[in-house]
Amino acid sequence: MSPSRHILAAALAVALTAPLGPSAAIAAEAIAPPALSWSWSGPFGKFDRAQLQRGLRVYREVCQNCHGLTLVSFRNLAEPGGPGFTTAQAAAIAKEYKIKDGPNDQGEMFERDGRLADRFPAPWPNENAARAQHNGTVPPDLSVIAKARTYERGFPWFLIDIFTQYQEQGVDYLVALLKGYTDPPQGVELPPGTSYNTYFPGHAISMPPPLQDELVPYTDGAPQTIDQYAKDVAAFLAWAAEPHMEARKRIGFQVMIFLIVFAGLLYFTKKKVWADVHGHA
Amino acid sequence: MSGHSTYQPQSRFMQWFERRLPIVSFMHASFVAYPTPRNLNYWWTFGGILSLMLAIQIVTGIVLAMHYTPHVDHAFVSVETIMRDVNYGWLLRYLHANGASMFFLAAYIHMFRGMYYGSYKDPREVLWILGVILLFLMIATGFMGYVLPWGQMSFWAAKVITSLFGAIPVVGDSIVTWLWGGYSVGNPTLNRFYSLHYLLPFVIAGVVILHVWALHEVGQNNPTGVEPKSDKETVPFTPYATVKDSFLMVVFLILLAWFVFYLPNYLGHADNYIPANPLVTPAHIVPEWYYLPFYAILRAIPSKLGGVIALGASIVILAFLPWLDTSRVRSAAYRPLYRQFFWIFVLVCIGLGWLGAKPAEGGYVIAARFLTAWYFLHFLVILPILGLIEKPKPLPNSISEAVLREGVPIGAPAPAPSGTKH
């Protein structure tokens, strides 16, 4: 080993080992939700239509009482790559909602039945009303919640994820959260109006346990359990956050094939063009 | 060694046009006949890749701007409308967001290549400094672009970074108020960031033209760091560099497409899908990955003013690199000691990037201070001293000799420029 190699080795050792101390302590504090297998993960993944429909049902019967879905339109329910409702079914769902509209010719605001073009209405008129109803907190809108929540993957997983295309942290977290209610450990004092949740940062969550077995009736024979409800509604929210995901992955594959073939052609063109420069290779 | 054009207008119209505006022969001289060293490796293709990325950012950005609303009450929803209701809006936005990341990745590779092969040395100092200006403009543009979706990270990044100017003694607070257009980050801040985010890419394009102009005046460096001695050691830009650059551009697009189509949010932050809320501070305010090394330097210094100065100095010091490096040998291939320190410097930058993503506490702070110190020592102490004490390996007399040494003979004379025949 030359002296310069010693310098490199020493610097490497310092650079790699010095910061390792505290990371272990931080990792121990947050509990990573279990990674579940989802129908839409990976380059060819597609949503499970029946699961999205069940998830919508859970949203409408449970979550909707407090949480908005205000970026999603009723027409989205009938668009390709979604829950697969017909336009008539989506219109029927829309009709079950009352939309505040106006002002009309008399200058009055009025309520009318929902239409396909409407978005899911928020469950409260404004944030202050939400705070007044919900112990001072505003239940977050769920339109992009599946992308707005995550957990730290840590080294080396964040590098491995690039190759495995794992990007369902948010959905995994939602399932873990919905199932994560337990009694607080000995000696933990919760602020009033909160519940203990294993996966919620800080553990004291304002949302009371939303799900219980047999709460939402399913008509397709899927188990009516907390576990199934949590997965279905999380899948529905994954679609709500990324309604064009199936198109994205489909086009992505086409683009990849094109680029790889194009790169191959360019490589051989380059080789031919440069052959006379490199001489007798 | 600027390219001399062999362009001869054929048609009478082109002859007429050439006498009035010789732009065709200028383009021919710059991008067809322009002689490039024949021994360039693939690390030299990143200039072309960067031009492509700039073009992608400008084109996607112009279309996004048609659908975006720069208002604190509407920005977040307008971005989501682009994602949901604009035809292929999701593709435009993901291309733009991930394109920014890939733009920086290419820029960093381009810079490290310049450092490894000593491309900043006489006579390429101005070329290098223009590159540092481009980096600075990219950082400003990227930062303001990140603010536009008006999510939690957008808002708090804007707040943290603009507040840095508050560290300036006496006038700091006034400057911050002036930057914000008010007494807090608000609608005027978002409006001006949007305006500047639209302006700066065209400033970048202008400086790129100067950068390319300077490059074509002094010629490209090459892996030996020895200037081409004759026409035999160069090949015309087209088709040689054109086809090589095109190949690597497409390979780079595969990388971009991997993120755009399969991992579009991997390089972003989940918190930025939460609408901006001035009353709730995110647990960790973290910039985009490409700013992390600078962020680590900022936080490594215990005083706010000191951190800001270090942050600025970490970029400004690059402009002085041509004079801080005292070695007369350009390429690290012939500088055994510098080569080691170059790779240590790369690791230091990566380490700083990793620390920038970690909370500023405990061992992380100590490590960040150590690496920050090394970052500056590399420029201020190691490079000046290395040039004096290092014994470089014997330089080849010419590019041809260097190539021959490696056992690849150069047989045929350099082919004639092929631009005139089509």
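The values are calculated or read from the model by the stated rules, or taken from the named source; none is laboratory data. Just so you know, these numbers come straight off a predicted model, no measurement behind them. No Cβ is skipped: glycine too gets one built from the backbone with ideal geometry, and neighbour counts run over all protein chains shown. Just so you know, the surface numbers come from the protein's heavy atoms only, side chains and all, with ligands and any DNA or RNA stripped out. Shrake-Rupley method; radii C 1.70, N 1.55, O 1.52, S 1.80 Å.
Listed values, structure above:
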| read-out | value |
| --- | --- |
| For segment B:232-343: rounded, prolate or oblate by the Cα gyration tensor [a/c cutoff 1.5] | oblate |
| Solvent-accessible area lost in complex, 40 Å² minimum, residues of segment A:230-249 relative to chain alone, 1.4 Å | A:H244, A:R248 |
| From phi via Karplus (6.51, -1.76, 1.60), per-residue ³J(HN,Hα) for segment A:194-203 in Hz, x at Gly/Pro | 10, 10, 8, 10, 4, 9, 6, x, x, 6 |
| Cα gyration tensor shape for segment B:193-269, rounded if a/c is under 1.5, else prolate or oblate | oblate |
| Degrees between helix A:169-179 axis and first principal axis of chain A (Cα, 0 to 90, nearest 10) | 40 |
| Tilt relative to chain B, helix B:89-116 - C-alpha long axis, 0 to 90 degrees, to 10 | 50 |
| Zone of B:A373's modelled label, taken as backbone nitrogen in segment B:294-325 under 17 Å from a point 7 Å along Cα→Cβ | B:297-303, B:307, B:310 |
| Peptide B:256-266 - average C-beta neighbours from other chains (10 Å radius) | 6 |
| Sites excluded, GluC sites (Glu not before Pro) in DSSP loops with at most 15 other C-beta within 10 Å, longest stretch of chain B | B:1-360 |
| Debye, to nearest 20: dipole size of chain B, +1 on Lys, Arg Cβ, -1 on Asp, Glu Cβ | 720 |
| Inter-label distance for B:I168 and A:L190, nm, one decimal - labels placed 7 Å from Cα along Cα-to-Cβ | 5.1 |
| Label-point separation in nm, B:A357 to A:A35, each point 7 Å along Cα→Cβ | 1.5 |
| Highest to lowest packing among B:51-63, A:178-190, scored as the average C-beta count within 10 Å | B:51-63, A:178-190 |
| Shielding score for B:335-348, defined as the mean number of other chain Cβ atoms within 10 Å | 3 |
| Modelled FRET efficiency - R0 45 Å, B:D231 with B:T81, Cβ distances, 0.05 increments | 0.20 |
| For B:G351, net neighbour charge (Lys/Arg +1, Asp/Glu -1) across residues whose Cβ lies under 13 Å away | +2 |
| Residues losing 50 Å² or more accessible surface upon assembly, segment B:48-84, compared with the chain by itself, 1.4 Å | B:R84 |
| Unit charges at the beta carbon, dipole of segment B:29-171: most positive-side option, B:T60, B:M115, B:A158 | B:M115 |
| Residue-averaged beta-carbon neighbours from other chains (10 angstrom radius) around A:64-75 | 1 |
| Residues of type lysines that B:K358 reaches as a straight line, Cα spacing below 22 Å, ignoring anything fewer than 8 places off in the same chain | A:K147, B:K159, B:K304 |
| Low-density loop cleavage sites - trypsin sites (Lys or Arg not before Pro) in segment B:154-253, where at most 15 other Cβ are within 10 Å (DSSP) | B:K229 |
| Rounded Å value of the spacing that divides the Cα centres of segment A:204-225 and segment B:76-139 | 47 |
| Local electrostatic count at A:S41 - Lys and Arg +1, Asp and Glu -1, tallied over other residues with Cβ under 11 Å | 0 |
| Karplus 3J(HN,Hα) series, Hz, for segment B:68-77 with 6.51 cos²θ - 1.76 cosθ + 1.60 (x for Gly, Pro) | 8, 10, x, 9, 4, 7, 10, 4, 4, 5 |
| 1.4 Å probe accessible area per residue over the protein assembly as shown, in Å² | 48 |
| Prolate/oblate/rounded label for segment B:26-405 (Cα gyration tensor, a/c 1.5) | oblate |
| Fraction of accessible area attributable to carbon and sulfur, segment B:26-405 (%, probe 1.4 Å) | 73 |
| Acute angle (nearest 10 degrees) that the helix B:242-257 long axis makes with the longest principal axis of chain B, alpha-carbon atoms | 20 |
| Phi-based couplings in Hz for segment A:115-131 (Karplus 6.51, -1.76, 1.60; Gly and Pro marked x) | 10, 4, 6, 6, 9, 4, x, 5, x, 9, x, 7, 5, 5, 5, 4, 4 |
| Buried solvent-accessible surface, both chains (A, B), 1.4 Å probe, Å² to nearest 100 | 5100 |
